[in-house]
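Asker: My questions will all concern the structure given below.
The values are calculated or read from the model by the stated rules, or taken from the named source; none is laboratory data. From a predicted model like this one, the values you see are computed outputs, not experimental measurements. In this analysis, Cβ positions are derived from the backbone assuming ideal geometry, glycine residues included, and neighbour counts consider all displayed protein chains.
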Amino acid sequence: MEHLMIKTLIAAAAVAAVACAVAPAQAAHRHHAGLGCSGANLGKTEAAVEAMADNEVKFAAEKEVSLAQDAMLNNKWGACGAHLSRAAESSMAK
């Protein structure tokens with residue numbers, strides 16, 4: 001009986017470990033703001049940032065777009081989505 005309980009606990013721990021490993025990878029493609037890391041979203045965000053008035057917020061957003069491009073080229077989808085979302089949020093700020 002004790003042997004069965006230990007196997008069950010090990011199996012539950014394995015399932016939890018797999019879930020924790022897979023969840024960030026899934027989230028990387030769709031960041032919390034709903035903006036996934038794709039060429040289309042990158043282009044839209046870059047255009048929105050370029051349309052902004054020259055100020056510190058625009059310069060910070062341009063840096064986020066640049067960091068998103070670099071992350072995308074290096075297949076770092078989570079970082080790309082995060083930078084892209086920050087740039088998009090900045091472009092929507094009034």
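Asker: Ala28 passes all but one of (1) over 13 Å from the mean Cα position of the chain (by Cα); (2) modelled with pLDDT under 90; (3) in a helix (DSSP H, G or I); which number fails?
Answerer: (1)
Asker: How do the pairs read when you match residues in region 63-74 that are touching a residue at least 24 places away in the same chain (Cβ under 8 Å) with residues anywhere that are polar (S, T, N, Q) and surrounded by 15 or more Cβ atoms within 10 Å (Cβ to Cβ), using Cβ under 7 Å and keeping only pairs 6 or more apart or on different chains?
Answerer: Sorted first by the residue in region 63-74, then by its partner, the pairs are Glu64/Ser90.
Asker: Ok, one more. Does Ala71 satisfy the condition of being over 15 Å from Glu89 (Cα atoms) and either buried (at least 18 other Cβ atoms within 10 Å of the Cβ) or at pLDDT below 95 (or both)?
Answerer: yes
Asker: Could you go through region 31-46 and let me know if any residue there is charged (D, E, K, R), surrounded by 10 or more Cβ atoms within 10 Å (Cβ to Cβ) and modelled with pLDDT under 90.
Answerer: Checked against the condition, which is being charged (D, E, K, R), surrounded by 10 or more Cβ atoms within 10 Å (Cβ to Cβ) and modelled with pLDDT under 90, region 31-46 yields no hits at all.
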